[in-house]
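Worksheet: the structure to be examined is printed underneath.
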Amino acid sequence: MKELYLMRHSQTLFNQLHRIQGASDSPLTAQGIADAQEVGRYFKQQDITFDHAYSSTQERACDTLENITSQPYERLKGLKEWNFGVFEGQSEQLNPHDDSSRHSYGDFFLQFGGESDLQVQERMNKTLTKIMDRPDHQRVLAVSHGGACFMFLQKWLPYAEIKKRVKNFHNCCILKFAYDAGKFTFIEAINVKEL
């Protein structure tokens, strides 16, 4: 059975300012850098090593990964955050209420030049499946983003289970999955700061 450690990037300036940053980017804060380094120490203490590492092409994800490990990695557009269209860079207070049937924003952002929840979910699933199907990929680290990771998680775990099993999906949260024959099984959420 293969293992995927899917991690949300560290805290950024836009996280701190409560701004929507989907396809846009902002730098890691000093706290974000320290948190990523703490994750790196956790992996070393637990003797967790990775055959391969991947990151979204967005700077905040790459910088997070580089503060965790000096291991070479590949940047993939398929791991990018949800595109929120004209809402990029705006206050999080402008986010719509989620679609209660899917526990996401549904296709709200399409009309504003962004992506739908199902487009993000399909992109993430396709990318992560392709990664895990590669040879010599027994244990993989992939750094992505909050919305993208959450939509991927919802493909493989019902929302009621997510509410029970993922208490805090903050920056640097790690979602651990087992992978076998095209199927991901959620194992646990790891919040290093809470250990």
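The values are calculated or read from the model by the stated rules, or taken from the named source; none is laboratory data. Worth saying up front: this structure is predicted, and the values here are computed from it rather than measured. Cβ atoms come from the backbone with ideal geometry, glycine included; neighbour counts cover every protein chain shown. Only protein heavy atoms, including side chains, enter the accessible area calculation; ligands, DNA and RNA are left aside. Shrake-Rupley method; radii C 1.70, N 1.55, O 1.52, S 1.80 Å.
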**Message:** Expected output is a single nm value to one decimal: the length gained when fully extending between Trp156 and Met1, i.e. 0.36 nm times separation in residues minus the C-alpha distance. What is it?
**Reply:** 54.2 nm
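Where does segment 89-195 land on the Kirkwood hydrodynamic radius, alpha-carbon pairs, in angstrom?
15.2 Å
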**Message:** Quick check: at a probe of 1.4 Å, how many percent of the accessible area of the chain sits on carbon and sulfur atoms?
**Reply:** 48 percent
**Prompt:** What is the spread of the Cα atoms of segment 42-129 along each of their three principal axes, largest first, in whole Å?
**Reply:** 44, 27, 22
**Prompt:** In a Debye calculation with equal point scatterers on the alpha-carbon sites of segment 3-50 and no solvent, what is log10 I(q)/I(0) at q = 0.19, 0.21, 0.28, 0.29 Å⁻¹?
**Reply:** -0.69, -0.78, -1.02, -1.05
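Sorted by packing (mean other beta-carbon atoms within 10 Å per residue), highest first, where do 76-87, 140-151, 4-15 land? It would help to have the intermediate numbers written out before the result.
Values: 76-87: 20.3, 140-151: 24.8, 4-15: 23.2.
Answer by packing, highest mean first, reads 140-151, 4-15, 76-87.
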**Residues Ile187 and Thr129, FRET efficiency given R0 of 22 Å [Cβ-Cβ distance, rounded to 0.05]** = 0.85
**Request:** Could you work out how far apart the two model spin labels at Ser24 and Leu195 are, taking each label as a point 7 Å from the Cα in the direction of the beta carbon, and quote it in nm?
**Result:** 3.5 nm
